1. Taking only Cα atoms, what is the 0 to 90° angle, nearest 10, from helix 79-103's long axis to the longest principal axis of the chain?
2. Note the angle between two axes, namely the Cα long axis of helix 14-42 and the longest principal axis of the Cα atoms of the chain, as a number of degrees from 0 to 90, rounded to the nearest 10.
3. Please identify, among 48, 89, 27, the residue showing maximal mean-square fluctuation in a Gaussian network model of the chain using a 10 angstrom Cα cutoff.
4. If I model a spin label at residue 88 and residue 45 as a point 7 Å from the Cα along the Cα→Cβ vector, what separation in nanometres do I get?
5. Once the Cα atoms of helix 50-75 and of the chain are each reduced to a long axis, what angle between those two axes, in degrees from 0 to 90 to the nearest 10, is obtained?
6. Let me understand the chain better: what is its radius of gyration from the alpha carbons, and its Dmax, in angstrom?
7. How much mean residue ellipticity at 222 nm does the chain get from its helices, if each DSSP H run of length 4 or more adds -39500 (n - 2.57) and you divide by all residues, to the nearest 500 deg cm²/dmol?
8. Sequence gap at least 6, Cα distance under 8 Å: using those rules, report the relative contact order of the chain to the nearest whole percent.
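Bear in mind that the values in this text are calculations on the coordinates, not laboratory data. These figures come from a predicted structure and were not determined experimentally. We place every Cβ from the backbone using ideal geometry, glycine too, and count neighbours over all the protein chains shown.
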């Protein structure tokens, strides 16, 4: 299974793959900590309406995850990989939004 990741991401060593997977796992947890902190600052609580929580969740979580992915990846020596990954991810999001905009 891990060799599929190595081929897809054009990675040569197992160590680099382990570092990249570690960055993804740490970033997910860190993004949730950021979300919790921001929700606390804004005053969002358990009983707050989902109509407020869900959009705010997306507005906070998506950019913070992308930013943290680059920062943590850079600190662990994988800046080039994560910069290319970010460009590809953002490019896909932009293409999707353009397609949905053109349909309307």
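1. Computed tilt is about 50 degrees.
2. 10 degrees
3. 48
4. Distance between the two pseudo-spin positions: 4.4 nm.
5. 30 degrees
6. Calculated on Cα positions, Rg and Dmax stand at 16.7, 49 Å.
7. When only DSSP H runs of four or more count, the value is -29000 deg cm²/dmol.
8. Values: 44 pairs, mean separation 26.8, N = 104.
So the answer I get is 26 percent.
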